[in-house]
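Structure first, commentary second.
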Amino acid sequence: MKKKKAQEGKIEVAEKKNVEEEKEAAEEIKVEVKPKPEAEAEVAQDKQAEEGVEEQEQESALEKAQAEAAQHRDRWMRLAAEFDNYKRRSARQFGELVQFANERLVTQLLPVLDNFERALNHEGDDETLESFQKGVEMIFGQLHDVLEGEGLNPFDSVGKPFDPNIHDAIMQMESEEHESGTVMEEVQKGYTLGDRVLRHTKVVVSK
């Protein structure tokens, strides 16, 4: 009987010991699972560091984009200024070219103008109509030579087929001497300036 009671006591003590050990193990687990304040601070610092790096990267990318935009803007402004200068320079050169061409032509026409003025102002009872006509013909020839030197040439149209590219028909007439569609008469001369038709010849065309 005593032996049985001793065994029961030992079992009881062992059970109590096991219960206490389980409680201690559970408390240790709880302590290990529960985050420490130092760990929380470290996690917060790491998170702040990551956010700081991300912000720096974003700021760096923004600064790079702004710098590239400024470079493109400066390049565009330089190109716009260069193009504007080119337009002004081209307009000035074209104006000078036109002015020079006009000056050259007018300079060549001045002697013709002088001769017309002399012919109109000339006085003399013994001057005949024939000599006056010869003077006017000479001035006309001088003017013709100046304009021809600038590339002006008249059309030779009489007796040739009507060509709408150079002729302007103002009338049609019956003719026994010319075939139908032939230029019979020039009413006003037409001219070319170089390869370009400057003025059509006004003509009478046969039916």
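Here, each number is a calculation from the coordinates, and none is a lab measurement. Given the structure is predicted, the values throughout are model-derived calculations rather than measurements. Here Cβ is always computed from backbone atoms with ideal geometry, including for glycine, and neighbour counts include all displayed protein chains.
Computed values, structure above
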item: Around Gly151: net Lys/Arg minus Asp/Glu count, Cβ-Cβ under 10 Å; result: -2
item: Amide proton proximity set for Leu198, modelled H, under 5 Å, gap of 5+; result: Tyr191, Thr192, Leu193
item: Length gained when the stretch Glu55-Asp156 is fully extended (0.36 nm per residue, less Cα-Cα span); result: 27.7 nm
item: Long-range amide H partners of His167 with built H, under 5 Å; result: Thr201
item: Cα-centred dipole magnitude for the range 50-207, charges only on beta-carbon of K, R (+1) and D, E (-1), debye, nearest 20; result: 180
item: In Hz, Karplus ³J(HN,Hα) per residue of the range 156-168 (6.51, -1.76, 1.60; θ = phi - 60°; x = Gly, Pro); result: 9, 10, 4, x, 9, x, 5, 10, x, 6, 10, 10, 10
item: For the range 53-207: rounded, prolate or oblate by the Cα gyration tensor [a/c cutoff 1.5]; result: oblate
item: For the range 153-207, with +1 on Lys and Arg beta carbons and -1 on Asp and Glu, the positive-most of Ser157, Leu198, Ala169 along the dipole; result: Leu198
item: Phi to ³J(HN,Hα) by Karplus 6.51 cos²θ - 1.76 cosθ + 1.60 over the range 88-93, Hz, x for Gly, Pro; result: 5, 5, 5, 5, 5, 5
item: Sequence-distant residues sharing a close amide H with Gln172 (under 5 Å, placed H); result: Val205
item: Table column - 3J(HN,Hα) (Hz), the range 175-186, Karplus curve with 6.51, -1.76, 1.60, x for Gly and Pro; result: 8, 8, 8, 10, 6, 4, x, 9, 6, 8, 8, 9
